[in-house]
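The values are calculated or read from the model by the stated rules, or taken from the named source; none is laboratory data. Fair warning: this is a prediction, and the values are worked out from it, not measured in the lab. Neighbour counts are summed over all protein chains in view; Cβ atoms, including those assigned to glycine, are modelled from backbone coordinates with ideal geometry. All accessible areas refer to the heavy atoms of the entire protein, side chains included, with ligands and DNA or RNA removed. Shrake-Rupley method; radii C 1.70, N 1.55, O 1.52, S 1.80 Å.
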Amino acid sequence: MERRGFFPLGIYLYAGAAIYLGVLGLVSGDFAANWQRVTPDAPHRMLLASAAGAWELLAGVAMLWRRMSRWGALALAGIYSIFWLLWAVHAASAPRIWDSWGNFFEEASLVIAGLAAFAWLSPAGSAWPRWAVTIARLYGVCCLCFGATHFIFLSGAGNFVP
């Protein structure tokens, strides 16, 4: 599969969303979204929030530059992995609370997307492009969780869907 002249829409959307979250975090001076689970009493919270915002912004911009796109994807997967692990701890401490698992899978979807983008953007001769499809299939687990949320939290999730 030749990918040289083709950048799929998903790459642009993923990069654009990271840039948006980075700018939002830098402008607000806080973490951009509630699923970036850093407690209010975390030491140096504002500094961490600014660093996370700058990281997302720079990595998102790097994804739009062909020579740096795969490293930008890997950088985003890395920072989203930190937030994913924070949700993993929270979900493990309260395994019967579905909302924790929903947020865990939301963050997992960002990590998986970054890894899939890295693999897809890797040189054709490397082993990574073969892994892109396998990595992307993991995203299906997240989608099952998203769908289950709509049935478990009918009243709450219904407000999210127009």
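Some points to look at:
- Just one residue in the set Val89, Val133 is part of a helix (DSSP H, G or I), more than 15 Å from the chain's Cα centre (by Cα), among the β-branched types (Val, Ile, Thr) and at pLDDT 80 or above; that residue is Val89.
- Filter result for Ile11 (among the β-branched types (Val, Ile, Thr), closer than 15 Å to Phe118 by Cβ and touching a residue at least 60 places away in the same chain (Cβ under 8 Å)): yes
- Residue count for segment 31-64, restricted to those that are assigned to a loop (DSSP other than H, G, I, E, B) and at pLDDT 90 or above: 1
- Considered as a group, the residues in segment 92-118 that are of a type in the set (Asp, Glu) and surrounded by fewer than 22 Cβ atoms within 10 Å (Cβ to Cβ) include one that is modelled with the highest pLDDT, and that residue is Glu106.
- Among the residues of segment 131-143, those identified as out of contact with any Leu (no Cβ under 7 Å at 6 or more places or on another chain) and either surrounded by 11 or more Cβ atoms within 10 Å (Cβ to Cβ) or polar (S, T, N, Q) (or both) are Trp131, Ala132, Val133, Thr134, Ala136, Arg137, Leu138, Tyr139, Val141, Cys142, Cys143.
- Residues considered: Leu26, Leu74. Of these, the only one that is hydrophobic (A, V, I, L, M, F, W, C), part of a helix (DSSP H, G or I), over 23 Å from Ile135 (Cβ atoms) and open to solvent by 10 Å² or more (accessible area, probe 1.4 Å) is Leu26.
- Pair list, Cβ under 7 Å, 6 or more apart: segment 110-129 residue free of Cβ contacts under 8 Å to residues at least 12 places away in the same chain and over 17 Å from Trp65 (Cα atoms), other residue part of a loop (DSSP other than H, G, I, E, B) and open to solvent by less than 30 Å² (accessible area, probe 1.4 Å): Trp128/Ser122
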